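Asker: Handing you this structure, nothing more for now.
The numbers here are math on the coordinates, done by the rules we state, and not lab data. From a predicted model like this one, the values you see are computed outputs, not experimental measurements. Note that each Cβ is placed from the backbone with ideal geometry, even for glycine, and that neighbours are counted across all protein chains shown.
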Amino acid sequence: MSGISSSRTVYTHGCVQDGHEAATHDLLARRLAGLLGFAFGGACENFEIDETAYLIPRTSLSGAETASRYRIGREGDLLGGWVPEAYMATKAILHPLVSPRAAAPPGWPERLTRAASDVTLPGFTAFSLDDARAAGEILRPHGPVRVKPVHGTGGHGQAVAATALELEDALTHLAAQYPPGDGLVLEADLSQVITYSVGQLRLPHLTVSYCGTQFLTTDNTGHAAYGGSELTATVGGYENLPAENLPAAMARAVACAARFDGLADRHLSGLIASRRNYDVAAGRLAGAAPAMGVIDQSWRVGGATGAEIVAIEALSRNPDARAVRARSTEVYGAGQIPPEGALVCYHGEDPAVGPLLKYAFVEDVLAR
């Protein structure tokens, strides 16, 4: 990381509210500023920024006006993503429409959704309730159907339907919470699921690639919630990941994510993304047939970013290392204590979810 100019300033965007997500975002932005040798300027919602700015938005950004206002024209301008249309940064682009007559937003990337069918699960995206019903009726005879709002994160708002009545109930419930015009994804539900995290951070003068697995925990209401990620990270592209440390299934997940990433670049004209994270699910379809596919993309700072940051720091301290293993963890409930030496991203009483501890640490440095 030597030789990086300190004349640039890191700004955050979209995280001025209270709560663990905003606090974590601010901390990681400060940490990354220090890693890059940049100044930290805080939130930039209320003033103009100049060409020296390096933006870390809370969500993927969209639209020509936003790109102009925040001076986003290339990957080196931000940690996150920018797309021409907002829906392009959501799960919507993972699946095709149910028919040529189905409702679609401006610039719908039909070629992307068709070309990606070999690295996604069987499914459809719908922008009307009628199209969602039609998609569900095509999928339901082959097994349970998982219905997702395209903007959902961490599994929130999802439902699984095995019968026609359950499907209608799920669609009616979701339509009351999320406007159908925003988009719903309907895809085959998997059992015995393992979720892999595959991604890259394309920082100024440095690219880091990683793969690993996600795990679940129990939140303060007793429901399943994201519990963290364990990652193996290396400098450079996916080809630099240590093959002997990757199980065969994880290697296939990396290939799935890399293929979808390439298709997104090819078919989403104007896409800018310097943080590219893909969730790849592996499990079994109804009838026990194995399946694997990309189930979400994240072109923004996410749950695994704490592990990503500590991994980059470790790689910077150990230039001869082949890779590092890092872990991010989220634990609910009072009285939790982080491991010694961990980067504590949040430790307190969140107004929405209650007591929560979030931290990240390096588990191992792999020598060449």
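Asker: Specify which residue in the list Asn277, Asn318, Phe215 is farthest towards the positive end of the charge dipole of the stretch 192-367, using unit charges on the beta carbon of Lys, Arg (+1) and Asp, Glu (-1), about the Cα centre.
Answerer: Comparing the listed Cα positions along the dipole, Asn277 ranks first.
Asker: Ok, one more. Less than 14 Å Cβ to Cβ from Tyr11, Lys/Arg counted +1 and Asp/Glu -1: what total charge do the surrounding residues give?
Answerer: Net local charge, Tyr11 excluded: -1.
Asker: Please list the non-local residues whose amide H lies under 5 Å from the amide H of Ala43, H modeled 1.01 Å from N, same-chain partners needing a gap of 5 or more.
Answerer: Residues meeting the criterion, in which the H sits 1.01 Å from N, are Thr12.
Asker: Quick one: if you stick a label point 7 Å off each Cα along the C-beta vector at Asp169 and Asp118, how many nm between them?
Answerer: Placing both labels 7 Å beyond Cα along the Cβ direction yields 4.0 nm.
Asker: Send over the per residue convex hull volume for the stretch 9-86, Cα only, as a whole number of Å³.
Answerer: Per residue, the Cα convex hull of the stretch 9-86 comes to 84 Å³.
Asker: How long is the gain from Asp182 to Asp18 if the chain were fully straight, where each residue apart is worth 0.36 nm and the alpha carbon distance is subtracted?
Answerer: 56.4 nm
Asker: Tell me, what ³J(HN,Hα) does each residue in the stretch 301-308 have, in order and in whole Hz, if you take phi through Karplus 6.51 cos²θ - 1.76 cosθ + 1.60 with θ = phi - 60° and put x for Gly and Pro?
Answerer: 4, x, x, 8, 5, x, 5, 4
Asker: Order these by the 10 Å Cβ neighbour count, fewest first: Ile49, Ile295.
Answerer: Ordered by Cβ neighbours within 10 Å, fewest first: Ile49, Ile295.
Asker: A follow-up question, please. Add +1 for every Lys or Arg and -1 for every Asp or Glu among the other residues with Cβ under 13 Å from the Cβ of Thr172, and state the total.
Answerer: -3
Asker: Continuing with the same structure: Evaluate the charge dipole of the stretch 192-367 about its Cα centre and quote only its size in Debye, nearest 20, assuming +1 on the Cβ of each Lys and Arg and -1 on the Cβ of each Asp and Glu.
Answerer: So the magnitude is around 500 debye.
Asker: Go from 0 up to the bin containing the longest alpha carbon distance in the stretch 187-271, width 5 Å each, and give me the % of pairs per bin.
Answerer: Distribution as computed: 3, 12, 18, 20, 19, 13, 9, 5, 1 percent.
Asker: A further question follows. Determine, for each peptide in 114-122, 69-77, 230-238, the mean count of other beta carbons within 10 angstrom over its residues, then list the peptides with the highest first.
Answerer: Descending mean neighbour count gives 230-238, 114-122, 69-77.
Asker: For the stretch 192-367, what is the per residue volume of the convex hull drawn over the alpha-carbon atoms, in cubic angstrom?
Answerer: 141
Asker: With +1 assigned to the C-beta of every Lys and Arg and -1 to the C-beta of every Asp and Glu, and no other charges, what is the dipole magnitude of the chain about the Cα centre in debye, to the nearest 20?
Answerer: With Lys and Arg at +1 and Asp and Glu at -1, about 800 debye.
Asker: Out of residues 5 or more away from Leu55 or on other chains, whose amide H comes under 5 Å of its own, with H placed 1.01 Å from N in the peptide plane?
Answerer: Those lying under 5 Å, H to H, from Leu55 are Tyr11, Leu78, Leu79.
Asker: Any chance you could check the Cα centroid distance between the stretch 271-346 and the stretch 152-190 for me, in angstrom?
Answerer: Distance between centres, Cα-based: 26 Å.
Asker: Per-residue HN-Hα couplings for the stretch 140-151, Karplus 6.51 cos²θ - 1.76 cosθ + 1.60 at θ = phi - 60°, whole Hz, x for Gly and Pro?
Answerer: 4, x, 9, x, x, 10, 9, 10, 9, x, 5, 8
Asker: Still on this structure, please answer the following. So, by mean Cβ neighbours within 10 angstrom, what's the order for 126-139, 279-292, 175-188 with the highest one leading?
Answerer: 126-139, 175-188, 279-292
Asker: Using a 7 Å offset from Cα along Cα-Cβ at Thr153, what residues in the stretch 71-98 end up with backbone N under 20 Å from the label point?
Answerer: Counting backbone N atoms under 20 Å from the label point, the list is 78-94.
Asker: As a test of the formula, what do you get for the chain when each DSSP H run with n ≥ 4 contributes -39,500 (n - 2.57) and the sum is divided by the residue count, at 222 nm and rounded to the nearest 500 deg cm²/dmol?
Answerer: Helix-only estimate at 222 nm: -7500 deg cm²/dmol.
Asker: Could you sort 259-266, 157-164 so that the peptide with the highest average Cβ count within 10 Å comes first and the rest follow in order?
Answerer: Packing order, densest peptide first, comes out as 259-266, 157-164.
Asker: Find the eigenvalues of the gyration tensor of the Cα atoms of the stretch 69-212, then list the square roots of 5 times those eigenvalues as equivalent ellipsoid semi-axes, largest first, in whole angstrom.
Answerer: Its equivalent ellipsoid spans semi-axes of 30, 18, 14 Å.
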